[in-house]
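Structure first, then comments.
The values are calculated or read from the model by the stated rules, or taken from the named source; none is laboratory data. What you see is a predicted model, and the numbers here were worked out from it, not measured in a lab. Positions of Cβ are backbone-derived with ideal geometry, glycine not excepted, and every protein chain shown enters the neighbour counts. Side chains are part of the model used for accessible areas, which takes the heavy atoms of the whole protein and leaves out ligands, DNA and RNA. Shrake-Rupley method; radii C 1.70, N 1.55, O 1.52, S 1.80 Å.
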Amino acid sequence: MNLMKSYRNVLAAACIAAAAVSASAADGRPQLAVGIVVDGLDPQYIDLLAPYMGEGGFNRLSRRGVAVANADYGTNLDLTATAAMLMTGADPVTTAVTGSTIYDPEAMRALPAMHDAAAVGNFTDQTFSPRTLAVSTLTDECRIAGGGVTRAYAVAADPSVAVTLAGHSANAALWLNQRTGNWATSTYYKDPPTTLTRRNRVSPLAVRLDTMQWAPVAPAESYPGLPEHLTHYKFRYVFPRGNDHRYALFAASPLVNTEVTDMAIDLIGDLRLGQSDGVDMVNVAYSLRPYDYTRSSDNRYELMDSYLRLDRDIARLINTVESTLGSGNAVYYLAATPAAPVARRDPEEWGVPYGEFSTKKARSLLNICLMGAFGNGEWVSAFHGNQFYLNHKLIKDRGLDAKTVRAEAAALLARMSGVDRVYTIDQILTGRSDVHADALRRGIHPESAGDLYLEVDPGWELVDDMVSPVSPERTRYVRRYSPATAPVYILAPGVAPHTVAATVDARRIAPTVARLLRIRRPNAAALPALVF
């Protein structure tokens, strides 16, 4: 009898889930939204590796959906700020999320973008919440439209990225604790999934990592254009228990993308996402940034392997959704971040011009010159994110005009070796300097912005040694010009394959996804949705 009763309960649950999916199919409304953000995706590698990829990942998205070749972010942003723009349809100047860390001029220290001392962590002592995020997100609007019945989750290796993708209203944001290897969340979110606890206790990364390694996932011929000497020496990276930085090494490798995918797939299965009476949502973040810990400056082998691995992970994620909900019941949107404006320095043997801009030396020179103009004192307080912060207390005590001091400091900085451009915050906020300054205005927030913004010359390394000396063994990264554009792919029911060749403002992605999901656009998304 108990067995028969159990069978009837399972059958009833299956019928309810099927009815929900059928109702969705009847009115054309999607049941699940799958958002994917990929840090550092280069479309040239997608084109190069397309013949070596399967049909379920990048090739499915680019060939069966809408491919936006160039989404313009205005200026180079990191993954956290980019995720905020994609989820809100607004610039950092509006969202207040300008990067992975935000400098607090009052406290004179930088903190993670989503740091919140009032939010306790689960499986972590880190404290995060979305309170920094000043406007609503796609996740918020999706949850509001569902009236509390639908569910939304975000999964990422980085906590600030996970919280940004989760927004204010998600059930939970999940991230990887790089101190312990545990998956973690915040008590700000009131519905942590049992999947989190089970994974940490039954299959902890701390145990699995002992036997994990990163080696080429495909034969050498699947990596086109590799120099012959690289194919003879296959790379291999391990994460031994005796290495204090093993979790950071793992998080910088493409294996973390597989870990994120596994967690997202477990959530979809355990929580039956996509089987609510409305639109559920799961957002994930991946990385294709070059591996910082390669043994050579030529990292093409490792980078191409990262693309091939991520292609398989995306295919697994989509196939899980399709096998659960059937075809045509989900909306997928994949957005890449612009390429990094820095790259590893070429070996000296190639003779490429190189220089180092030391923030410590620049601060000393600025202080000496400003003392000559305005009197003794420590005129420069800090440096963070390409920005110098002046001592506003000293400026006020001397009865000086801050704008005048900034202009004098900018003129001094502009004459230093290795400096390409210098802007004062006044020039950026008014947009009266040039087009570049106007683009920078979109990427800063007045409450956390510095007084002076600088960019070093191409081929130069910006060495931030104001607070503590940098290790001589550091990997040297030099500046390269790179566009603030990246591709976006959208795959949705009833939308025919199409390529948008014209440059599209990245702020239009959020209202476009909202239109496809039939929900309100985020409250700061002012630009129109794409029509296709």
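Show the residue pairs meeting these rules: Cβ distance below 6 Å; 6+ apart or different chains; first residue within the stretch 291-302 and touching a residue at least 60 places away in the same chain (Cβ under 8 Å); second residue open to solvent by 40 Å² or more (accessible area, probe 1.4 Å).
Listed pairs, sorted by first residue: ASP292/THR475.
For ASP426, work out the one condition from (1) closer than 26 Å to ALA107 by Cβ; (2) in a helix (DSSP H, G or I); (3) within 23 Å of the chain's Cα centre (by Cα) it doesn't fulfil.
In the conditions (1) closer than 26 Å to ALA107 by Cβ; (2) in a helix (DSSP H, G or I); (3) within 23 Å of the chain's Cα centre (by Cα), ASP426 misses (3) alone.
Quick check on this structure: which one of ARG312, ARG344, ARG406 is touching a Phe, Trp or Tyr at 6+ places or on another chain (Cβ under 9 Å), of a type in the set (Lys, Arg) and in contact (Cβ under 8 Å) with a residue 12 or more places away in the chain?
Details: ARG312 fails: touching a Phe, Trp or Tyr at 6+ places or on another chain (Cβ under 9 Å); ARG406 fails: touching a Phe, Trp or Tyr at 6+ places or on another chain (Cβ under 9 Å).
Within the list ARG312, ARG344, ARG406, the selection yields ARG344.
For THR512, all conditions in the list (1) among the polar types (S, T, N, Q); (2) in contact with a Leu (Cβ under 9 Å, 6 or more places away or on another chain); (3) surrounded by fewer than 17 Cβ atoms within 10 Å (Cβ to Cβ) hold save one; what is the number of the exception?
Every listed condition holds for THR512 apart from (3).
On the basis of being open to solvent by 50 Å² or more (accessible area, probe 1.4 Å), in a helix (DSSP H, G or I) and closer than 30 Å to GLY459 by Cα, does ALA407 make the cut?
Details: open to solvent by 50 Å² or more (accessible area, probe 1.4 Å): yes; in a helix (DSSP H, G or I): yes; closer than 30 Å to GLY459 by Cα: yes.
So ALA407 fits the description; yes.
Scan the stretch 459-498 for residues that are over 19 Å from ARG344 (Cα atoms), assigned to a strand (DSSP E or B) and open to solvent by less than 30 Å² (accessible area, probe 1.4 Å) and report the count.
Result for the stretch 459-498: 6.
Name the strands (runs of 3 or more DSSP E) wholly within the stretch 18-130 that hold at least 2 residues that are open to solvent by 50 Å² or more (accessible area, probe 1.4 Å), of a type in the set (S, T, N, Q) and closer than 30 Å to LEU205 by Cβ? Quick ask: steps written out before the conclusion?
Details: elements: 32-39, 66-72, 101-104, 109-112.
Answer list for the stretch 18-130: none.
Among ARG398, ARG421, ARG363, ARG415, which is the only one that is of a type in the set (Lys, Arg), in contact (Cβ under 8 Å) with a residue 40 or more places away in the chain and at negative phi? Spell out the reasoning first.
Working: ARG398 fails: in contact (Cβ under 8 Å) with a residue 40 or more places away in the chain; ARG421 fails: in contact (Cβ under 8 Å) with a residue 40 or more places away in the chain; ARG415 fails: in contact (Cβ under 8 Å) with a residue 40 or more places away in the chain.
Checking each option against the conditions leaves just ARG363.
For the stretch 439-452, does any single residue satisfy the condition of being part of a strand (DSSP E or B) and either at positive phi or out of contact with any His (no Cβ under 7 Å at 6 or more places or on another chain) (or both)? Outline the logic, then answer.
Of all residues in the stretch 439-452, those part of a strand (DSSP E or B) come to 452.
From what's left, either at positive phi or out of contact with any His (no Cβ under 7 Å at 6 or more places or on another chain) (or both): 452.
Among the residues of the stretch 439-452, at least one is part of a strand (DSSP E or B) and either at positive phi or out of contact with any His (no Cβ under 7 Å at 6 or more places or on another chain) (or both), which makes the answer yes.
In the stretch 505-532, how many are in contact with a strand residue (DSSP E or B) (Cβ under 8 Å, 6 or more places away or on another chain) and more than 16 Å from ASP72 (Cα to Cα)?
Within the stretch 505-532, residues that are in contact with a strand residue (DSSP E or B) (Cβ under 8 Å, 6 or more places away or on another chain) and more than 16 Å from ASP72 (Cα to Cα) number 4.
Is it true that VAL135 is over 14 Å from ALA84 (Cα atoms) and of a type in the set (A, V, I, L, M)? Step through it out loud before you land on a result.
On the way: over 14 Å from ALA84 (Cα atoms): no; of a type in the set (A, V, I, L, M): yes.
No: the conditions fail for VAL135.
Kindly provide the set of residues from the stretch 276-304 that are open to solvent by 40 Å² or more (accessible area, probe 1.4 Å) and part of a loop (DSSP other than H, G, I, E, B), ordered by number.
ASP277, ARG289, PRO290, ASP292, TYR293, ARG295, SER296, SER297, ASP298
Those residues that are modelled with pLDDT of 85 or more and in a loop (DSSP other than H, G, I, E, B), I need them from the stretch 220-241; list them, please.
If the condition is that a residue be modelled with pLDDT of 85 or more and in a loop (DSSP other than H, G, I, E, B), then TYR223, PRO224, GLY225, LEU226, PRO227, LYS234, PHE235, ARG236, PHE239, PRO240, ARG241 are the ones that fit.
Of these, ARG441, ARG415, which one is within 26 Å of the chain's Cα centre (by Cα), more than 17 Å from TRP379 (Cα to Cα) and open to solvent by 60 Å² or more (accessible area, probe 1.4 Å)?
Numbers: ARG415 fails: within 26 Å of the chain's Cα centre (by Cα).
Within the list ARG441, ARG415, the selection yields ARG441.
Of the conditions (1) closer than 30 Å to GLU356 by Cα; (2) modelled with pLDDT of 95 or more; (3) in contact with a helix residue (DSSP H, G or I) (Cβ under 6 Å, 6 or more places away or on another chain); (4) of a type outside the set (A, V, I, L, M), GLY459 clears all except one; give me its number.
It fails just one condition, (3).
Given the options LEU255, LEU325, LEU273, LEU334, name the one that is touching a Phe, Trp or Tyr at 6+ places or on another chain (Cβ under 7 Å), at negative phi and crowded, with 22+ Cβ neighbours inside 10 Å.
Numbers: LEU255 fails: crowded, with 22+ Cβ neighbours inside 10 Å; LEU325 fails: touching a Phe, Trp or Tyr at 6+ places or on another chain (Cβ under 7 Å); LEU273 fails: touching a Phe, Trp or Tyr at 6+ places or on another chain (Cβ under 7 Å).
Criteria check complete, one pass: LEU334.
Across the stretch 347-360, what is the total count of residues that are without any contact (Cβ under 8 Å) to a residue 40 or more places away in the chain and surrounded by 15 or more Cβ atoms within 10 Å (Cβ to Cβ)?
Residues of the stretch 347-360 that are without any contact (Cβ under 8 Å) to a residue 40 or more places away in the chain, as a first pass: 348-351.
Remaining after also requiring surrounded by 15 or more Cβ atoms within 10 Å (Cβ to Cβ): none.
Here the count works out to 0.
What is the one condition in (1) crowded, with 16+ Cβ neighbours inside 10 Å; (2) touching a strand residue (DSSP E or B) at 6+ places or on another chain (Cβ under 9 Å) that CYS369 does not satisfy?
Of (1) crowded, with 16+ Cβ neighbours inside 10 Å; (2) touching a strand residue (DSSP E or B) at 6+ places or on another chain (Cβ under 9 Å), only one is false for CYS369: (2).
Does any residue of the stretch 217-232 turn out to be of a type in the set (D, E, K, R), open to solvent by 10 Å² or more (accessible area, probe 1.4 Å) and farther than 30 Å from ASP47 by Cβ? Explain how you work it out, then say what you get.
To start, the set of residues in the stretch 217-232 that are of a type in the set (D, E, K, R) comprises 221, 228.
From the residues that got through so far, the ones that are open to solvent by 10 Å² or more (accessible area, probe 1.4 Å) too are 221, 228.
Subset that is farther than 30 Å from ASP47 by Cβ: none.
The answer is no; no qualifying residue exists.
Of the conditions (1) crowded, with 23+ Cβ neighbours inside 10 Å; (2) free of Cβ contacts under 8 Å to residues at least 24 places away in the same chain, ALA264 satisfies every one except a single condition; which number is it?
With (1) crowded, with 23+ Cβ neighbours inside 10 Å; (2) free of Cβ contacts under 8 Å to residues at least 24 places away in the same chain applied to ALA264, the lone miss is (2).
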